[in-house]
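Novice: Once you've had a glance at the structure underneath, I'll fire off some questions.
The values are calculated or read from the model by the stated rules, or taken from the named source; none is laboratory data. Please read these numbers as outputs of a predicted model, since none were measured by experiment. Neighbour counts run over all protein chains shown; Cβ positions are idealised from the backbone, glycine included.
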Amino acid sequence: TQTFTMVLKEIWTSLIMWFFYALIPCLLTGGVAILPAPQNLSVHSTNMKHLLMWSPVIMPGETVYYSVEYQGEYESLYTSHIWIPSSWCSLTEGPKCDVTDDITATVPYNLRVRATLGSQTSGWSTLTHPFNRNSTILTPPGMELTKDGFHLVIELEDLGPQFEFLVAYWRREPGAKEHVKTVSSGGIPLHLVTMEPGAAYCVKAQTFVKAIGRRSAFSQAECVEVEGEVLPLALALFAFVGFMLILVAVPLSIWKMGQLLRYSCCPVVVLPDTLKVTNSPQKLMSCRKEEVDACAMTAVLSSEGLFRTWIR
Amino acid sequence: MKLQYVSLWLLGAVLVLCSVHTRGLRRCLISVDMHHIEESFQEIKRAIQAKDTFQNVTILSTSETLQSIKPLDACCVTKNLLAFYVDRVFKDHQELNPQILRKISSIANSFLYMQKTLRRCQEQRRCHCRQEATNATRIVHDNYDQ
């Protein structure tokens with residue numbers, strides 16, 4: 001009987017072992033494919049805009065959806081089982097989620113993501129280090145300076161209701177005092193200072209986030225110049241000289257035009273000098289008589305001579 | 001329902017305290033977005049009061065107590081009230097609606113942040129607790145327990 005019991009035990013042990021050996025491949029491959037959890041969770045935060053990102057779960061030919069949940073420090077201390085679904089990312093497509101509306105206090109937040117494909121859901125993948133929004137990267141604000149006559153107008157980048165701006169401006173000259181102005185919100189043109197003619201003014205700005213008590217670095221200083229009164233004086237002088245020239249030139253040209261017109265339509269005939277009669281009429285008459293005789297003889301001779309030569 | 005109403009009034013009282021008695025907190029400065037907390041509170045109030053059946057229940061004695069607090073005691077009373085809310089009130093209220101849950105979480109975490117800042121002030125002896133402040137806090141606790 002003892003041998004029989006031992007044999008039975010051995011058979012039973014073998015059966016159990018075989019059963020497990022058969023089960024291991026099933027456990028490894030699974031009758032149904034297991035959806036992997038998203039990996040490499042990280043938060044990228046710039047100017048109080050927080051973006052949770054992760055490596056996408058690739059399933060060829062399928063669209064994987066993701067769900068995000070968060071837990072503030074209060075929940076992790078007092079109600080650790082409670083996770084709150086993210087405002088915008090319940091079943092979202094992209095491997096990223098804007099959690100700005102979820103992170104509403106300056107405490108560490110835990111974030112977790114899982115993938116969903118049809119009826120399958122993966123396990124939760126949690127952010128390694130809790131995220132606190134006071135670690136956001138604050139960049140110097142963009143600003144646009146314009147001149148409205150002598151008024152310097154500034155328009156700062158609109159970064160949302162949590163941002164305040166500090167604007168510093170000064171005259172670009174040695175020993176000039178720096179003035180500071182607080183601007184409560186961006187996106188609106190604001191009059192900064194009335195500039196003095198001939199001076200250059202420089203401006204720089206930084207942001208301040210009240211909720212986290214931090215400031216950004218100052219932006220690069222931008223300078224504007226206002227034209228002085230010297231230039232307009234030179235212009236006035238040129239204008240005067242030009243006016244005087246015109247005052248002289250216009251009558252002159254009118255007179256010349258008049259002359260030209262007179263010449264073209266009603267020209268005055270002037271006798272040339274050679275034809276002018278300088279001697280008395282009697283002398284001319286006597287001179288002429290002699291000339292006529294000489295001319296007549298010459299004329300007769302010439303015609304006879306010609307006739308003779310022609311007959312020959 | 002009554003518990004919710006009480007919580008709501010106490011929360012409102014704290015906000016009144018924060019906005020009015022800022023002089024007492026000047027030596028201990030907290031950078032907090034109060035506008036966001038007020039907004040969240042208004043949303044919770046709208047949602048809860050819509051379902052409230054005991055509309056004529058008020059905790060007048062509590063508001064009188066808070067209004068009589070001197071600016072010097074404001075820091076201590078605020079610190080104690082914040083601890084009271086964080087340790088007891090929020091835990092007692094079980095919320096299932098995700099929308100309201102988000103708002104309560106926002107306020108609770110903001111209170112936790114303020115509480116941590118005030119604790120640091122107390123360590124630096126910038127938030128002194130007098131007997132009057134301790135008494136006022138005890139009255140609030142007693143009213144709540146009732």
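Novice: Only one of (1) at the interface with another protein chain (Cβ under 10 Å from one of its Cβ atoms); (2) buried (at least 18 other Cβ atoms within 10 Å of the Cβ); (3) within 32 Å of the chain's Cα centre (by Cα) is not met by A:Asp101, so which one is it?
Specialist: (2)
Novice: Look at A:Ala200 and say whether it is modelled with pLDDT under 95 and closer than 30 Å to A:Tyr70 by Cα. If you could, list the steps in order and put the result at the bottom.
Specialist: Values: modelled with pLDDT under 95: yes; closer than 30 Å to A:Tyr70 by Cα: no.
No; evaluated as a whole, the condition is false for this residue.
Novice: Sticking with this structure for a sec: Run A:Ile212 past the list (1) within 14 Å of chain B (Cβ to nearest Cβ); (2) part of a helix (DSSP H, G or I) and report the number of the one that doesn't hold.
Specialist: Looking at each condition in turn, A:Ile212 falls short on (2).
Novice: Same structure, new question: Could you grab me the full set of residues in the range B:82-106 that are at the interface with chain A (Cβ under 8 Å from one of its Cβ atoms) and within 17 Å of B:Cys127 (Cβ to Cβ)?
Specialist: Correct list: B:Val86 only.
Novice: Can you name every residue in the range A:163-184 that is closer than 13 Å to A:Phe218 by Cβ and in contact (Cβ under 8 Å) with a residue 40 or more places away in the chain? Walk me through it before giving the result.
Specialist: So the first thing to find is which residues in the range A:163-184 are closer than 13 Å to A:Phe218 by Cβ, and the list is A:165-170, A:178, A:180.
Scanning the range A:163-184 gives A:Phe165, A:Leu166, A:Ala168.
Novice: Could I ask something else about it? May I ask you to list the residues in the range A:77-92 that are more than 10 Å from chain B (Cβ to nearest Cβ) and over 19 Å from A:Gly123 (Cβ atoms)? Quick ask: steps written out before the conclusion?
Specialist: First, pick out the residues of the range A:77-92 that are more than 10 Å from chain B (Cβ to nearest Cβ): A:80-81, A:83, A:88-89, A:91-92.
Residue satisfying the conditions is A:Trp88 alone.
Novice: Here's a check for you: in the range A:128-147, which residue that is touching a residue at least 40 places away in the same chain (Cβ under 8 Å) and in a strand (DSSP E or B) is farthest from A:Met195 (Cα to Cα)? Talk me through it step by step, then tell me what you get.
Specialist: Quick first cut of the range A:128-147, residues touching a residue at least 40 places away in the same chain (Cβ under 8 Å) only: A:128, A:130-131, A:133-143, A:145-147.
Those still in the list that are in a strand (DSSP E or B) too: A:131, A:137, A:143, A:145-147.
On the way: A:Phe131: 46, A:Ile137: 35, A:Met143: 18, A:Leu145: 13, A:Thr146: 12, A:Lys147: 9 Å.
Ranking the qualifying residues of the range A:128-147, first place goes to A:Phe131.
Novice: Just one of (1) in a loop (DSSP other than H, G, I, E, B); (2) touching a Leu at 6+ places or on another chain (Cβ under 8 Å); (3) more than 8 Å from every other protein chain (Cβ to nearest Cβ) trips up A:Pro60, so point out which.
Specialist: Here A:Pro60 meets the rest and fails (2).
Novice: While we're here: Output the number of residues of the range B:51-94 satisfying the condition of being of a type in the set (Asp, Glu) and modelled with pLDDT of 75 or more. Quick ask: steps written out before the conclusion?
Specialist: Step one: filter the range B:51-94 for residues of a type in the set (Asp, Glu), giving B:52, B:64, B:73, B:87, B:92.
Checking which are modelled with pLDDT of 75 or more leaves us with B:73, B:87, B:92.
Number of matching residues: 3.
Novice: Here is a further query. Taking the range A:104-133 as the region of interest, how many residues are out of contact with any Gly (no Cβ under 9 Å at 6 or more places or on another chain) and either within 14 Å of chain B (Cβ to nearest Cβ) or of a type in the set (S, T, N, Q) (or both)?
Specialist: Qualifying residue count for the region: 13.
Per-residue answers, yes or no, for (1) under 29 Å from B:Glu38 (Cα atoms); (2) touching a Phe, Trp or Tyr at 6+ places or on another chain (Cβ under 8 Å); (3) at pLDDT 95 or above:
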| position | (1), (2), (3) |
| --- | --- |
| A:Leu111 | yes, yes, yes |
| A:Gly118 | no, no, no |
| A:Trp124 | no, no, yes |
| A:Phe131 | yes, yes, yes |
| A:Leu138 | yes, no, yes |
| A:Asp148 | no, no, no |
| A:Leu156 | yes, yes, yes |
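Novice: For B:Gln115, indicate whether it is under 23 Å from B:Met34 (Cα atoms) and modelled with pLDDT of 80 or more.
Specialist: On the way: under 23 Å from B:Met34 (Cα atoms): yes; modelled with pLDDT of 80 or more: yes.
Yes; evaluated as a whole, the condition is true for this residue.
Novice: Take the range A:64-76 and flag every residue that is more than 7 Å from chain B (Cβ to nearest Cβ) and farther than 14 Å from A:Leu127 by Cα.
Specialist: Here is the first cut: in the range A:64-76, the ones more than 7 Å from chain B (Cβ to nearest Cβ) are A:64-71, A:76.
Once the filter is applied, which keeps residues that are more than 7 Å from chain B (Cβ to nearest Cβ) and farther than 14 Å from A:Leu127 by Cα, the range A:64-76 yields A:Val64, A:Tyr65, A:Tyr66.
Novice: Residue check, A:Glu173 against (1) within 26 Å of B:Met34 (Cα to Cα); (2) part of a loop (DSSP other than H, G, I, E, B); (3) out of contact with any Asp or Glu (no Cβ under 8 Å at 6 or more places or on another chain), all met but one. Which one?
Specialist: So A:Glu173 meets the others, but not (1).
Novice: Any residue in the range A:180-189 that is surrounded by 20 or more Cβ atoms within 10 Å (Cβ to Cβ), of a type outside the set (A, V, I, L, M), assigned to a strand (DSSP E or B) and within 34 Å of the chain's Cα centre (by Cα)?
Specialist: So far as the range A:180-189 goes, no, none of its residues is surrounded by 20 or more Cβ atoms within 10 Å (Cβ to Cβ), of a type outside the set (A, V, I, L, M), assigned to a strand (DSSP E or B) and within 34 Å of the chain's Cα centre (by Cα).
Novice: Looking at A:Tyr66, A:Tyr70, can you tell me which residue is in contact with a Phe, Trp or Tyr (Cβ under 9 Å, 6 or more places away or on another chain), assigned to a strand (DSSP E or B), modelled with pLDDT of 90 or more and over 22 Å from A:Ser135 (Cβ atoms)? Steps first, answer last, please.
Specialist: On the way: A:Tyr70 fails: over 22 Å from A:Ser135 (Cβ atoms).
Residue meeting the stated conditions: A:Tyr66.
Yes/no per residue for (1) more than 9 Å from every other protein chain (Cβ to nearest Cβ); (2) in contact with a helix residue (DSSP H, G or I) (Cβ under 6 Å, 6 or more places away or on another chain); (3) among the basic types (Lys, Arg):
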{"position": "B:Ile69", "(1), (2), (3)": "yes, yes, no"}
{"position": "B:Asn80", "(1), (2), (3)": "yes, yes, no"}
{"position": "B:Ala108", "(1), (2), (3)": "no, yes, no"}
{"position": "B:Phe111", "(1), (2), (3)": "no, yes, no"}
{"position": "B:Lys116", "(1), (2), (3)": "no, no, yes"}
{"position": "B:Cys121", "(1), (2), (3)": "yes, no, no"}
{"position": "B:Gln124", "(1), (2), (3)": "yes, no, no"}
{"position": "B:Cys129", "(1), (2), (3)": "yes, yes, no"}
{"position": "B:Glu132", "(1), (2), (3)": "yes, yes, no"}
